[in-house]
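Taking it in order: structure first as structure tokens, then the write-up.
The values are calculated or read from the model by the stated rules, or taken from the named source; none is laboratory data. Because the structure is predicted, anything quoted here is derived from the model rather than measured. Cβ sites come from the backbone with ideal geometry, for glycine too, and all protein chains shown count toward neighbours. Accessible surface is based on the protein model in full, side chains and every heavy atom, while ligands, DNA and RNA are left aside. Shrake-Rupley method; radii C 1.70, N 1.55, O 1.52, S 1.80 Å.
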Amino acid sequence: MNTQENNKLIAEFMGHKLGLDGDGMGEPQCRIFEKGLGTKRIEDTYSKSWDWLMPVVDKIESIDEELEVFGGNFIKVSYSVQIENTSVTIWKHSDRFDSKRIIEVNGESKRRTTYNAVVEFINQYNKTK
């Protein structure tokens, strides 16, 4: 996926309203509509700004859910995001099993690596829903 598609994926995960907004100068631009903030071009969001990206990290870390495993048994699951220099690891924690590293991304910049890890996490997370 390209950056615009990845930003749309993140916006949907965050529950933002998406839409097209034509400026009369060619192709309509995908925009995020945020209550009280107006609109923002999707290209100018998660991939370019910590102000947009860190709430996504916060949302991942706020996930606290019960998953059914092994025929009717449930486990509580949560996630944590570990950012160290240009390496990002996302951990899955449960109340019955050891923590498991589910995403590990290394890159050239802290923000871009965090962005790539978030996209990878959302893709995996969506497959389980």
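Scan segment 62-90 for residues that are closer than 21 Å to V118 by Cα, among the β-branched types (V, I, T) and in a strand (DSSP E or B) and jot them down.
V77, V81, I83, V88, T89, I90
Is it true that V77 is touching a Ser or Thr at 6+ places or on another chain (Cβ under 6 Å) and in contact (Cβ under 8 Å) with a residue 12 or more places away in the chain?
In short, yes.
Output the residue which, of all residues in segment 91-118 that are assigned to a helix (DSSP H, G or I) and open to solvent by less than 40 Å² (accessible area, probe 1.4 Å), is nearest to N2 (Cα to Cα).
Among residues in segment 91-118 that are assigned to a helix (DSSP H, G or I) and open to solvent by less than 40 Å² (accessible area, probe 1.4 Å), the one nearest to N2 (Cα to Cα) is Y115.
Tell me yes or no: at least one residue of segment 34-42 is part of a strand (DSSP E or B), open to solvent by 50 Å² or more (accessible area, probe 1.4 Å) and modelled with pLDDT of 95 or more. Explain how you work it out, then say what you get.
So the first thing to find is which residues in segment 34-42 are part of a strand (DSSP E or B), and the list is 34, 38-41.
Those left that are additionally open to solvent by 50 Å² or more (accessible area, probe 1.4 Å): 34, 39-41.
This time we only want the ones that are modelled with pLDDT of 95 or more, so: none.
No, segment 34-42 has no match at all.
Name the single residue that is farthest from R111 (Cα to Cα) among those in segment 44-94 being of a type in the set (S, T, Y) and modelled with pLDDT of 95 or more. Show your work before the answer.
The first filter runs over segment 44-94 and keeps only residues of a type in the set (S, T, Y), leaving 45-47, 49, 62, 78-80, 86-87, 89, 94.
With the extra rule that they be modelled with pLDDT of 95 or more, the set shrinks to 62, 78-80, 86-87, 89.
Numbers: S62: 20, S78: 23, Y79: 19, S80: 17, T86: 8, S87: 10, T89: 13 Å.
Filtering segment 44-94 for residues that are of a type in the set (S, T, Y) and modelled with pLDDT of 95 or more, the one farthest from R111 (Cα to Cα) comes out as S78.
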